[in-house]
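Notes follow the structure.
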Amino acid sequence: LLVSPVRPLMIMIAKVAPYLVLAFAILTTILLMARYVLDVPLAGSIVWIYVISTIYIILALSLGLLISTIATTQLMALLLSAMVLLMPIVMLSGMIFPVESMPEVLQWIAALVPPRYYIQAMRKLMIMGVDISNIVREIYILSAMALFLLIVALAKFKKRLC
């Protein structure tokens, strides 16, 4: 890869494409199971559910790309993603504990956790059935985070190739 004539952006896209396809297959499976197996009503637009999920999937994949550019070994990448990121993300996302009931310091830290905004948007779309105007804030925040992580991962990747 280091001596190939392919640009770093194309290498990153090639690394991410299979995971993107897999993530959409998993998302579709989850939505179908939620609707037809668990009888969860999908009150919101399925198109907007896929739009916000696409933004979140891209954000998660860019975080993975950033970790892969930082980590020198596979073990280090696993430890970074599992130990350092997984637990705080689960605890501070609002999935288990409401963010509003956390101490103020943790609420500030939770503002940096991307799943918080995805969960808020999905609750609004799937359960409340709101339209796009009610999730614009979440879309902007997730898009900004995804763009930032993509830019940092690409910059880090270029530095590593040179």
- Message: Rounded, prolate or oblate, given the Cα gyration tensor of the chain, with a/c below 1.5 counting as rounded?
- Response: prolate
- Query: Going by alpha carbons, how many degrees (0 to 90, nearest 10) lie between the helix axis of 8-36 and the longest principal axis of the chain?
  - Reply: 20 degrees
- Report, to the nearest 10°, how far helix 136-161 tilts away from the longest principal axis of the Cα atoms in the chain, using its own Cα long axis and a range of 0 to 90°. 10 degrees
- In square angstrom, what is the accessible area per residue of segment 1-102 with a 1.4 angstrom probe? 65 Å²
- Query: So what's the angle, to the nearest 10 degrees on a 0 to 90 scale, between helix 46-70 and the longest Cα principal axis of the chain?
  - Reply: 30 degrees
- Task: Grab the DSSP H runs of the chain that are 4 residues or longer, score each as -39,500 (n - 2.57), total them, divide by all residues and round the 222 nm result to the nearest 500 deg cm²/dmol.
- Result: -22000 deg cm²/dmol
- Query: Based on the mean of other beta carbon atoms within 10 Å per residue, what is the order of 61-73, 21-33, 89-101, 116-128, most packed first?
  - Reply: 116-128, 61-73, 89-101, 21-33
- Item | Computed E for Ala155/Val84 - FRET, C-beta separation, R0 22 angstrom, nearest 0.05 | 0.55
- Query: Which value in nm describes the separation of the simple spin-label points at Val47 and Met91, placed 7 Å from the Cα toward the beta carbon?
  - Reply: 4.2 nm
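The values are calculated or read from the model by the stated rules, or taken from the named source; none is laboratory data. Keep in mind that what you see is a predicted model, and the values were worked out from it rather than measured. Positions of Cβ are generated from backbone atoms using ideal geometry, with glycine treated the same way; all protein chains shown enter the neighbour counts. SASA here: full protein model, heavy atoms, side chains in, ligands and nucleic acids out. Shrake-Rupley method; radii C 1.70, N 1.55, O 1.52, S 1.80 Å.
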